[in-house]
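Only one structure is covered here, and it is reproduced in the block below.
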Amino acid sequence: MNLVDVRHLFDYTEWANGLALDAAAGLTEENLRRDFGISHGSILGTLVHMAGAEWIWLERWHGHSPPKKEAWSLWTNEACPDLKT
């Protein structure tokens, strides 16, 4: 994989994240937080998971691999209470 490939992956991720955030922005607070029985519970939980996963990869890119305990405490619905945080 070269730098052009990495750039394409980054651009795609930004595009896909934008779609997800735009769709989530149209939800009521109740539907954003409702437990739909999906892997991360709610839509907000899924978005928090996505942000946390990207943060971990960025940290790894910079040569730091945070322990799971650190990552799990930073990326929770309580730590990220809304879409603007």
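Numbers below:
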| quantity | calculated |
| --- | --- |
| Options D11, D5; residue that is assigned to a helix (DSSP H, G or I) and surrounded by fewer than 10 Cβ atoms within 10 Å (Cβ to Cβ) | D5 |
| Options E29, E70, E14: the member that is at pLDDT below 90 and not hydrophobic (A, V, I, L, M, F, W, C) | E70 |
| Criterion (of a type in the set (D, E, K, R), within 22 Å of A23 (Cβ to Cβ) and either open to solvent by 70 Å² or more (accessible area, probe 1.4 Å) or at pLDDT below 90 (or both)) met by exactly one of E78, E54 | E54 |
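The values are calculated or read from the model by the stated rules, or taken from the named source; none is laboratory data. The structure displayed is predicted, hence computed values, not measured ones. Reconstructed Cβ throughout: ideal geometry from the backbone, glycine too, with neighbour counts over all protein chains shown. For accessibility, only protein heavy atoms count, side chains too; no ligands or nucleic acids. Shrake-Rupley method; radii C 1.70, N 1.55, O 1.52, S 1.80 Å.
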